[in-house]
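Encoded as structure tokens, the structure appears first; notes follow it.
The values are calculated or read from the model by the stated rules, or taken from the named source; none is laboratory data. Small disclaimer: the values here were computed from a predicted structure and weren't measured. With ideal geometry, Cβ positions are generated from the backbone for all residues, glycine too; neighbour counts draw on all protein chains shown. Ligands, DNA and RNA are excluded from the accessible area calculation, which covers all protein heavy atoms including side chains. Shrake-Rupley method; radii C 1.70, N 1.55, O 1.52, S 1.80 Å.
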Amino acid sequence: MMIIITGTPGVGKSSVSEYLKDKLVDDKFISINSLLEDYDLNLGVDEVRGYKIVDVESMIPIVDKIKHENNEHNIFFEGHLAQDYPGADIVIILRCDPMILKERLDARGWKDVKVHENVSAEILGICSQESYDTYGDIIQEIDTTNMSISEVGDTIVDIINDKVKYSFGDVDFLSKYFTYLD
């Protein structure tokens, strides 16, 4: 089974994936960042925003190969652009209160324009909408705001085991933070 863990930068994708990697030792974990380095998928840097530009078109056959080689175990694919991979069985979007997200991104030393863009994306639910556009109703959104890394990881395990569902659209930050978008 291919499980995508995605969301706006700073919501906890990498931390949760590390927790799951320690807990689910038989499963395979891949990240956009490791693919960028291992397969030279970096097309450059957006100078205004400071983002690495990912060669998504070249990424897809690489992930297909990893999926094919590991078809007896779960494969977790983590990253901000992981939802651009079209072959997942479950897509989990991690969400976080935008003001907490802003604090996390500021602590990384990111430029104000990059922080504002990512906080705005979280308010608008951009990762969720892009995931829904590709996958429809198989996506699940988890509001991680008041959860520990282990709680989020255990929730993801429960989702995979069909014990719980977190429907698309239940997380709404737009009504609370609409004025931030000005």
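A Förster distance of 30 Å, applied to the separation of the beta-carbon atoms of ASN146 and HIS116, puts the FRET efficiency at 0.80. Taking all protein chains together, ASP137, ASP26, ASP89 sort by accessible area into ASP137, ASP26, ASP89, largest first [probe 1.4 Å].
Taking 7 Å steps out from each Cα toward its Cβ at VAL56 and ASN71 produces label points 2.7 nm apart. On a per residue basis, the range 80-182 carries 51 Å² of accessible surface, using protein heavy atoms and a 1.4 Å probe.
In terms of distances greater than 21 angstrom between alpha carbons, the cross-link table entries LYS28/LYS67; LYS21/LYS67; LYS23/LYS102; LYS65/LYS165 yield LYS23/LYS102; LYS65/LYS165.
Sorted by accessible area (1.4 Å probe), largest first, how do VAL25, VAL11, VAL113 line up? Working shown, then result.
On the way: VAL25 110, VAL11 5, VAL113 75 Å².
Output order, biggest surface exposure first: VAL25, VAL113, VAL11.
Note on the chain: the alpha carbon radius of gyration divided by the globular reference 2.2 N^0.38 Å gives 1.00.
Give me the percent of the accessible area of the chain that comes from carbon and sulfur atoms, probe 1.4 Å, all protein chains in place. Exposed carbon and sulfur together represent 48 percent of the surface.
Taking all protein chains as shown and a probe of 1.4 angstrom, LYS52 keeps an accessible surface of around 110 Å². Taking all protein chains together, LEU105, LEU43 sort by accessible area into LEU43, LEU105, largest first [probe 1.4 Å].
Annotation: LYS65 carries an accessible surface of approximately 120 Å², with a 1.4 Å probe and no ligand, DNA or RNA atoms counted. Taking all protein chains as they are arranged and a probe of 1.4 Å, the heavy atoms of ARG49 leave approximately 90 Å² accessible to solvent. Looking at the chain alone, DSSP beta bridges between its own residues are antiparallel in about 20 percent of cases.
Given an 8 Å cut-off on Cα distances and at least 6 residues of separation, report the relative contact order of the range 25-83 as a percent.
50
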